[in-house]
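Q: Below you'll find the structure I mean.
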C-alpha cells in the first residue's frame, strides 16, 4: 500500500507495509534519522514528533495513521546555520549530554512554547513528563526551555 | 508486528459489517496506544485491523443533553481534558485525564479505547464508574447501553462482544449536593500506572450533613475496576465526617484484591487503598464545601 504525508513541509508518497510505524518510515524510508527510537512502547519520548501539530510517540503511529498527516521532526525546526530558539537554548543552558533524547526533548519543548509561550517551571515539568533523560538530571532541560521562553519574550517585547 | 489487512470504514455500520465478517480475527484501531504495543509484543496478532479513525461524525464530539453528557468514543483524552464543556460539566474527568500517562499518549489515546481496553489499572474507568457512566455499544444487530459498573469481567475482558463497537460514553447528571474526585497514588513517576487509584463521589442529603449516596471505586486493586459497595453502604445515612470516612475505608480495604508487583506488595496496596479511600472521601467533602 502507499501513504502520503507531509514531513517538514515536504510532500512524500511512501510505499509501505501496514505493519510499520511512523518512526521506521521517517528513519528508514525518508532517511530523517534525527528522530530516534529507544523504548518502542511509547514511554521514553525519544521518538517524539508533531503529528498534525500535536506531540506523539512516532513508535506507536502505524503507517496508515500518518496517511494525509502533517509531520514535523527535529529536522524541521532549524538548520545547522540557523538553529531554532529552543535548539540554541539547549546549547546555551547545557540541556543535553549524550544527545539521544534531545530531538524528542526539543520537539516537545517547541510544541509547549507554541501553546504556552511563557510557561512556569511547573508547566514545563508537566508538559515534559515522559521525555526521559538519563544524563542531565532534567534541571538543565527545564532551564533550557525557560531560557528559550525568556529569549522569545525579549525578542517580541 | 504481524502482517494484517487494513480496513478504513467510513461509517459505524461499515465497521460493524467488517466485525461481522472477520469476527475474532479483527481488532478495532482507535488511538492505537494500547493495541500497537500489544501487537509489537505479539500478544495480539489480528489478521484484520479495522481503523475507526476515518469514521465520520457520530463517534466524536461532546454534547450536553437534558439528562447528562454524551461523549463520542473517538474523542482523544487530551481533547476531553481541555474541553470547556468537560471542564464545566464533568470536571472530575478532566482532572482524571490529566493524570493519565503523558501528553503524547493523551494526544492519541481515545476515551472509548481506554474504557474498552479492560485494563484494571487505568484511571478513567475508575472515575467514570463513580459517575454512574454507561457505554453505548453498537453491532449490526442493534444498540445497547451498558452501565460501566457491570462492563468489566476480568483482566482485559469486558462484556463487549467481538462484533460490538463502543460508540459513546453517557454520563448522567449528578445529584445536587454531590461532588466527585479521583486520587491516584504515584510513588514512582508521574507517568506511571496507579499503585492504587480511588474515585469517591459523595452526595449529601437536604440537611447538607448526612450522606444520601456514595460511590467508592478503585483501580489497580483487582482483576477489574472495583466498586467497594460495602464501604459505600457504611456511609449511607451517616454524617459525613472524618470518623465515618475512616470506618468506610477500613471496610473498603477488605473489598480489594491487588496483585504484588513492582509497584508494591499486595499488602502494601491494601494499606494504601484504605488510606486513599479516606483521603478521597475527605477531598470529596472538601469539594462540596467549596474548598
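The values are calculated or read from the model by the stated rules, or taken from the named source; none is laboratory data. Note that the structure is predicted; figures quoted are calculated from it, not measured. FYI the Cβ positions are ideal-geometry reconstructions off the backbone, even for glycines, and counts take in every protein chain you see.
Q: Quick one: residue A:82 ticks every box in (1) more than 9 Å from chain B (Cβ to nearest Cβ); (2) in contact with a helix residue (DSSP H, G or I) (Cβ under 8 Å, 6 or more places away or on another chain); (3) over 25 Å from residue B:44 (Cβ atoms); (4) surrounded by fewer than 19 Cβ atoms within 10 Å (Cβ to Cβ) bar one, so which box is it?
A: (2)
Q: Run down A:43, A:56, A:71 and say which single residue is surrounded by 23 or more Cβ atoms within 10 Å (Cβ to Cβ), at pLDDT 95 or above and facing chain B (nearest Cβ under 9 Å). Spell out how you get there, then give the answer.
A: Details: A:43 fails: surrounded by 23 or more Cβ atoms within 10 Å (Cβ to Cβ); A:71 fails: facing chain B (nearest Cβ under 9 Å).
That would be A:56, the only listed residue that is surrounded by 23 or more Cβ atoms within 10 Å (Cβ to Cβ), at pLDDT 95 or above and facing chain B (nearest Cβ under 9 Å).
Q: Which one of B:28, B:19, B:74, B:69 is closer than 16 Å to residue B:163 by Cα, more than 11 Å from chain A (Cβ to nearest Cβ) and in contact with a helix residue (DSSP H, G or I) (Cβ under 8 Å, 6 or more places away or on another chain)? Lay out the reasoning, then the answer.
A: On the way: B:19 fails: in contact with a helix residue (DSSP H, G or I) (Cβ under 8 Å, 6 or more places away or on another chain); B:74 fails: closer than 16 Å to residue B:163 by Cα; B:69 fails: closer than 16 Å to residue B:163 by Cα.
Only one candidate qualifies: B:28.
Q: Cβ-Cβ under 8 Å, sequence separation 6+ or interchain: first residue in segment A:116-131 and within 11 Å of chain B (Cβ to nearest Cβ), partner surrounded by fewer than 15 Cβ atoms within 10 Å (Cβ to Cβ) and at pLDDT 95 or above. Which pairs?
A: Taking only residues 6 or more apart or on different chains, the pairs are A:127/A:116.
Q: Against the condition within 12 Å of chain A (Cβ to nearest Cβ) and either within 20 Å of the chain's Cα centre (by Cα) or assigned to a helix (DSSP H, G or I) (or both), how does residue B:38 come out, does it pass?
A: Details: within 12 Å of chain A (Cβ to nearest Cβ): yes; either within 20 Å of the chain's Cα centre (by Cα) or assigned to a helix (DSSP H, G or I) (or both): yes.
Spelling it out, residue B:38 is indeed within 12 Å of chain A (Cβ to nearest Cβ) and either within 20 Å of the chain's Cα centre (by Cα) or assigned to a helix (DSSP H, G or I) (or both).
Q: While we're here: Looking at (1) touching a residue at least 60 places away in the same chain (Cβ under 8 Å); (2) in a loop (DSSP other than H, G, I, E, B); (3) in contact with a helix residue (DSSP H, G or I) (Cβ under 7 Å, 6 or more places away or on another chain), can you tell me which one residue B:101 breaks?
A: So the condition that residue B:101 fails would be (3).
Q: Pull up segment A:92-106, narrow it to residues that are surrounded by 17 or more Cβ atoms within 10 Å (Cβ to Cβ) and free of Cβ contacts under 8 Å to residues at least 60 places away in the same chain, then point me to the one that is nearest to residue B:97 (Cα to Cα).
A: A:106
Q: Name the single residue, out of those in segment B:197-243 being out of contact with any helix residue (DSSP H, G or I) (no Cβ under 6 Å at 6 or more places or on another chain) and assigned to a helix (DSSP H, G or I), that is surrounded by the fewest Cβ atoms within 10 Å (Cβ to Cβ).
A: Out of the qualifying residues, it is B:243.
Q: Something else: If we keep just the residues of segment A:9-40 that are assigned to a loop (DSSP other than H, G, I, E, B), under 19 Å from residue A:102 (Cβ atoms) and in contact with a helix residue (DSSP H, G or I) (Cβ under 8 Å, 6 or more places away or on another chain), which is farthest from the other protein chains (Cβ to nearest Cβ)?
A: Residue satisfying both the conditions and the ranking: A:33.
Q: Which one of the conditions (1) part of a loop (DSSP other than H, G, I, E, B); (2) closer than 30 Å to residue B:193 by Cα does residue A:94 fail to meet, given that it meets all the rest?
A: Unmet condition: (2).
Q: If you don't mind, another one. Within the bounds of segment B:79-102, is there any residue that is closer than 26 Å to residue B:49 by Cβ, in contact with a strand residue (DSSP E or B) (Cβ under 6 Å, 6 or more places away or on another chain) and surrounded by 21 or more Cβ atoms within 10 Å (Cβ to Cβ)?
A: Of all residues in segment B:79-102, those closer than 26 Å to residue B:49 by Cβ come to B:79-80, B:97, B:100-102.
Within this subset, residues satisfying the condition of being in contact with a strand residue (DSSP E or B) (Cβ under 6 Å, 6 or more places away or on another chain) are none.
Scanning segment B:79-102 turns up no residue that is closer than 26 Å to residue B:49 by Cβ, in contact with a strand residue (DSSP E or B) (Cβ under 6 Å, 6 or more places away or on another chain) and surrounded by 21 or more Cβ atoms within 10 Å (Cβ to Cβ).
Q: Residues A:89, A:69: which one is touching a residue at least 12 places away in the same chain (Cβ under 8 Å), more than 27 Å from residue B:108 (Cα to Cα) and within 16 Å of the chain's Cα centre (by Cα)?
A: Testing whether each residue is touching a residue at least 12 places away in the same chain (Cβ under 8 Å), more than 27 Å from residue B:108 (Cα to Cα) and within 16 Å of the chain's Cα centre (by Cα) leaves just A:89.
Q: Identify, please: which residue in segment B:46-57 is over 22 Å from the mean Cα position of the chain (by Cα) and more than 10 Å from chain A (Cβ to nearest Cβ) and is, among those, farthest from residue B:137 (Cα to Cα)?
A: Among them, the one singled out is B:47.
Q: Still on this model: Considering only segment A:13-25, state which residues are within 20 Å of residue B:39 (Cα to Cα) and touching a strand residue (DSSP E or B) at 6+ places or on another chain (Cβ under 9 Å).
A: Selection gives A:16, A:18, A:19, A:20, A:21, A:22, A:23, A:25.
Q: Here's something else I'd like to know. Any residue at all in segment B:138-149 that is touching a helix residue (DSSP H, G or I) at 6+ places or on another chain (Cβ under 6 Å), crowded, with 23+ Cβ neighbours inside 10 Å, closer than 20 Å to residue A:65 by Cβ and modelled with pLDDT of 95 or more?
A: no
Q: Hey, residue B:192 hits all of (1) surrounded by fewer than 23 Cβ atoms within 10 Å (Cβ to Cβ); (2) in contact with a helix residue (DSSP H, G or I) (Cβ under 8 Å, 6 or more places away or on another chain); (3) at negative phi but one; which does it fall short on?
A: Looking at each condition in turn, residue B:192 falls short on (2).
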